[in-house]
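Below: the structure, in C-alpha cells.
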Amino acid sequence: MTTSPAETTPIVIFDTTLRDGEQSPGATMTLEEKLEVAALLDEMGVDIIEAGFPIASDGDFEAVSEIAKRVKRATVCGLARAGAKDIDRCGEALRGAVRPRIHTFISTSPIHMKFKLQKEPAEVLEMVRAQVERARKYTDDVEWSAEDATRTEHEFLCRCVETAIKAGATTINIPDTVGYTVPEEYFAMFRMLIERVPNADKAIFSTHCHDDLGMAVANSLAGIRAGARQIECTINGIGERAGNAALEEIVMAIKTRGDVLPFTTGIDSTMLTRASKLVSAATSFPVQYNKAIVGRNAFAHESGIHQDGMLKHTQTYEIMTPESVGVAKTSLVMGKHSGRNAFRSKLKELGYDLGDNALEDAFNRFKALADRKKVIYDEDIEALVDEEIATFTDRIKVVSMMVVAGTQGPQTASLTLDIEGTERSVQSTGNGPIDAIFVAIQKLVPHNAVLELYQVHAVTEGTDAQAEVSVRLAEDGRVVTAKAADPDTLVASAKAYVGALNKLIIQRQRQVVAQARGPEGLRLKGV
C-alpha cells in the first residue's frame, strides 16, 4: 500500500558532490564545471549544496564564493575544521550567499582522538563548543559533525552532541565516516541519541554514509527511519575511497517504496540521469553499466525471459519507469539471450514486417551474429534484415570464401557460390584481397557490369564492429547498388558484389520477361 502524501515526512537532501565527491582521487573539477553542477543541483531541487572546503585552496575558496553568489534557492554550505582560521575562511567565502551554512566537524572516536588529533576527550569537548560558537558569528545555520561517529563511544558522543546543540548547532550530523556500520546498528545509534540527549529536539539530525562495505544507501535510509531528517549524499555516489550514499538511489528508493519509507524529497527525479551524466563528464568518472537508477543497463533487458515479460507488461521486470529518472524509454537489448518475441518486436520498431519464414531465417542469422558480437545495435539488425530481404530470392549466394593476403603477393581468393542451387568454386589472384574476390566472382558469373563504387564503413563502434560495404554496378545503362554487412570486411564485400549482380538479374528479368531467350546482357553461363 502506498503511503498518502499527508502521512509523509519531508527529508532534507544535502548534496556534497562538490566537496566530498570532489575529494575522490582524480575527480577534481574546474570552477566552470563546479558552477554548472551547482546550477543543476539547484534546479533539480537539492536543499543544501556543500560547495567546498574554503581553506583547502584558493580555488576552493573561489568556487564556494562564486556558488554562494549565484545560487538563489538552495542553502550553500562550506566545510570547516575545528580551527578558527578554517571557520573564518568559510564565513568569508559564504558572505554573498542568500542562505549560508557553515558545516564544522571534529573527530570523536577513540582511535581518531588518540592518533589523529592527539587530544584528550575533554579537550575535544571544549573544541566542539568553541567551533560552533565561532561559526554562529557568521550565520545562524550551523551544522556540526562528529567525524567517525559510528566508532565513537556512545556516552562521549551524547556529550558532544549536547554541547554542539547548546552552543548553537541547528543540524547534527552523525557520519559513518569509514563505512563501518550496518543498518540495524546505525538505526539504533540515532534512536539512542534522540532519546538520550536532553536538547535533541532543538536540532535536525543528519546521516552521512560512506560505501566501504556497500551499505551507504541502506544505512542512510535506516537513519531517517530512526528519526534523522537530513541525508548527505552525492551524485553517482562519488566520494572518498568507495564513495558516498548515491543521491539518485536515495531519492528513488523513497519515491518507489513509500509503503515502507513514508518520506518525501523535493528532488525532480526526471533530472537524475542528466545530473549523473554531467557529473560523470565533469569528473571523468564513468558510471558503471549496472549502476542503480542511472547506469546504462538500469532499464535494459537482454534475457529472452525478461524481454518477453516486458513486452507483456513493463511491471513484470521494472519497479519504476525510465521516464521517472529522465531516461527516454526501456531498452530491449538484442543479444544472444534474446528470444523470438523480442526480435519480432524490435523488427516492428525498426519498421520491418517479415513473414514467418523470412523471420525465422533472419532470427537464426541474428543469433549467429550475436555469438560473434558482444553488442548488437539497431544498425546491425537493419543491415542483417536488409540483407535477408535482398537475398531471400537471390539466384546467386555466397557459400564459402577463403582469402590469403599480406605483404607477399599476389593475394588469392578461393570462392564457392551457390548459383541457382548448384555450387561452383574457383580460385583467383588479384591486386589486393578485394580485387582477388571480385575477379573470382567474375570467373564464376561472367558479366559486363562495371564497378562504379566500392565503399566501406563501420556499422557500429569497436574493433568487433560490423563492416557495411556498398557496391554500385552499371551495365547497359542500368545502375544498381547493394549493401552487405559482416564483422569480416572481405565477406561483406563479396556479399555486396553478389547482391548487386542479383539486382541486375532481377532488372533484366522484369524487362524481358516476355522474351523466350531470357535475360540479355548479364547471363549465368552454364545455368
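Only bridges with both residues in segment 7-283 count here: give the DSSP antiparallel percent, nearest 5. Antiparallel bridges: around 5 percent, rounded to the nearest 5.
Using the rule -39500 (n - 2.57) for each DSSP H run of four or more residues, divided by the residues of the chain, the 222 nm mean residue ellipticity is -12000 deg cm²/dmol.
Rank the residues 272, 213 as a footprinting-exposure proxy: fewest other Cβ atoms within 10 Å of their Cβ go first. In increasing order of surrounding Cβ atoms, one gets 213, 272.
Remark: relative contact order (the chain) = 9 percent; criterion is Cα-Cα distance under 8 angstrom and separation of 6 or more residues.
As a proxy for reagent exposure, ranking 189, 320 by other Cβ atoms within 10 Å from fewest up yields 320, 189. Dividing the radius of gyration of the alpha carbons in segment 1-122 by their Kirkwood radius gives 1.06 for Rg/Rh. With Cβ to Cβ distances under 10 Å as the rule, what net charge do the other residues near residue 276 carry (K, R +1; D, E -1)? Local charge sum for residue 276: +2.
Separation of the alpha carbons by more than 20 angstrom is noted, of 336/503; 34/291; 312/346; 72/291; 85/137, for 336/503; 34/291; 72/291. Scaled against 2.2 N^0.38 Å for its residue count N, the alpha carbon radius of gyration of segment 394-511 is 1.04. Seen from residue 22, the other residues with C-beta closer than 13 Å to its C-beta sum to a net charge of -4, counting Lys and Arg as +1 and Asp and Glu as -1. Computed over segment 394-511, relative contact order equals 19 percent, with contacts defined as Cα pairs under 8 Å that lie 6+ residues apart.
Once C-alpha pairs closer than 8 Å and six or more residues apart are averaged by separation and normalised to the residue number of segment 202-317, the relative contact order reads 17 percent. Here the alpha carbons of the chain define both size measures, Rg and Dmax, at 33.5, 111 Å. Ordering 61, 28, 109 by Cα displacement along the dipole of segment 1-114 toward the positive end leaves 109 in first place; charges were set at the Cβ atoms of Lys, Arg (+1) and Asp, Glu (-1). By the count of neighbouring beta-carbon atoms within 10 Å, fewest first, 508, 274 end up ordered 274, 508. The spread of Cα positions in segment 209-250, taken along each principal axis and listed from longest to shortest, comes to 27, 19, 14 Å. Exactly which trypsin sites (Lys or Arg not before Pro) in segment 1-83 are in a DSSP loop and have at most 11 other Cβ atoms within 10 Å? Here the sparse-neighbourhood loop sites are 72. Taking packing as the residue-averaged number of other Cβ atoms within 10 angstrom, the listed peptides 434-442, 287-295 run from highest to lowest as 434-442, 287-295.
All of the numbers you see were taken from the coordinates with simple rules; none came from a lab. From a predicted model like this one, the values you see are computed outputs, not experimental measurements. Using ideal geometry, Cβ is built from the backbone for each residue, glycine included, and neighbour counts are taken over all protein chains shown.
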